[in-house]
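Have a look at the structure below, then the notes.
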Amino acid sequence: MPIKTLLCSAFLALGSLGVAQAAESNYRYDTVHSQILFSIDHNGYSRPFGRLHIAKGVLHLDPANLSQASTELDIDLAGLDMGDAAWNAAVLKPDFLDSDKNRYAHFVSTGVEQKDANHGVLHGQLTLRGVTRAIDINFTFNRAAKTIYGLHTVAGFSGSTTLDRTDFGMTAFKGSIGQSVSVWLELEAIKEGDAGKTNEAPTPTSSTDPNPKESP
């Protein structure tokens, strides 16, 4: 092969690689709009809900190739909301979330099994109460786009999984509280480098806020 042709091919290959690498971006979770809901059986009467928030986290994402995505995040257990202060305190005690000793649950992904353009399974490791277990999260990639005011590029996901609380050492009250915990995740992440804050989108405190938020 002539040297000129070889050099041209090499430059084209490097250019293609650069485009592929540029397609993946770093995002940071919007800690306001990202929520985690869970539900567990209460002695057969009902399955009440609790809510948690992400404290911080990063997402590496190419929307055109979900199989290469990765994420790592911390969940603030102390911010638990069961809808009642006394109930919150009971669930945060050592029998359950033990938030005084381990305030944050930590999740790190280990791989993505992509099903189609918008669906897949996120494999990872969840550390809760100092115990680490492998979990799988079924997810839907909702979309990645600029917000209506063009302040940020946001990627949004919905996910669900089921945990066995006894896997993480929560064995108290087996006769009245269910063992299986249903978990739903509604996540938004803001692309780094966009205008405005990159880790959250707080509600404006006045009409003169220089970074208005698109939705409450």
Check Lys174 against each of (1) more than 28 Å from His42 (Cβ to Cβ); (2) modelled with pLDDT under 95 and name the one condition it does not meet. (1)
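For Gly196, state whether it is modelled with pLDDT under 95, of a type outside the set (Asp, Glu), surrounded by 13 or more Cβ atoms within 10 Å (Cβ to Cβ) and on the phi > 0 side of the Ramachandran plot. Don't jump to the end; show me each part of the working.
Values: modelled with pLDDT under 95: yes; of a type outside the set (Asp, Glu): yes; surrounded by 13 or more Cβ atoms within 10 Å (Cβ to Cβ): yes; on the phi > 0 side of the Ramachandran plot: yes.
Yes; evaluated as a whole, the condition is true for this residue.
Filter the range 165-179 for residues that are out of contact with any Leu (no Cβ under 7 Å at 6 or more places or on another chain), surrounded by 13 or more Cβ atoms within 10 Å (Cβ to Cβ) and not β-branched (Val, Ile, Thr); which is farthest from Phe141 (Cα to Cα)?
Taking the range 165-179 and keeping what is out of contact with any Leu (no Cβ under 7 Å at 6 or more places or on another chain), we get 165-167, 169-179.
Checking which are surrounded by 13 or more Cβ atoms within 10 Å (Cβ to Cβ) leaves us with 165, 167, 169-170, 172, 177-179.
Those still in the list that are not β-branched (Val, Ile, Thr) too: 165, 167, 169-170, 172, 178-179.
Numbers: Arg165: 27, Asp167: 28, Gly169: 32, Met170: 32, Ala172: 36, Gly178: 30, Gln179: 29 Å.
Here the answer is Ala172.
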Could you check the range 78-104 and list, in sequence order, the residues that are free of Cβ contacts under 8 Å to residues at least 40 places away in the same chain and outside any loop (DSSP other than H, G, I, E, B)? Ala78, Gly79, Leu80, Asp81, Ala85, Ala86, Trp87, Asn88, Ala89, Ala90
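Okay, residues lined up against (1) assigned to a strand (DSSP E or B); (2) modelled with pLDDT of 95 or more; (3) touching a strand residue (DSSP E or B) at 6+ places or on another chain (Cβ under 9 Å); (4) closer than 21 Å to Tyr27 by Cβ:
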| position | (1), (2), (3), (4) |
| --- | --- |
| Glu113 | yes, yes, yes, yes |
| Phe141 | yes, yes, yes, yes |
| Ala145 | yes, yes, yes, yes |
| Val154 | yes, yes, yes, yes |
| Thr161 | yes, yes, yes, yes |
| Met170 | no, yes, yes, no |
| Ser180 | yes, yes, yes, no |
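Restricting to the range 20-71, and then to whatever is assigned to a loop (DSSP other than H, G, I, E, B), over 16 Å from the mean Cα position of the chain (by Cα) and of a type outside the set (Gly, Ala, Ser), can you tell me which residue is surrounded by the fewest Cβ atoms within 10 Å (Cβ to Cβ)?
Taking the range 20-71 first, the residues assigned to a loop (DSSP other than H, G, I, E, B) are 24, 30-34, 43-45, 47-48, 62-65, 69.
Next cut, over 16 Å from the mean Cα position of the chain (by Cα) only: 24, 43-45, 47-48, 64-65.
Checking which are of a type outside the set (Gly, Ala, Ser) leaves us with 24, 43, 45, 47-48, 65.
Working: Glu24: 15, Asn43: 10, Tyr45: 8, Arg47: 14, Pro48: 14, Asn65: 14.
My answer is Tyr45.
The values are calculated or read from the model by the stated rules, or taken from the named source; none is laboratory data. Not measured: the values here are computed from a predicted model. A quick note on method: Cβ atoms are made from the backbone with ideal geometry, for glycine too, and the neighbour counts reach across all protein chains shown.
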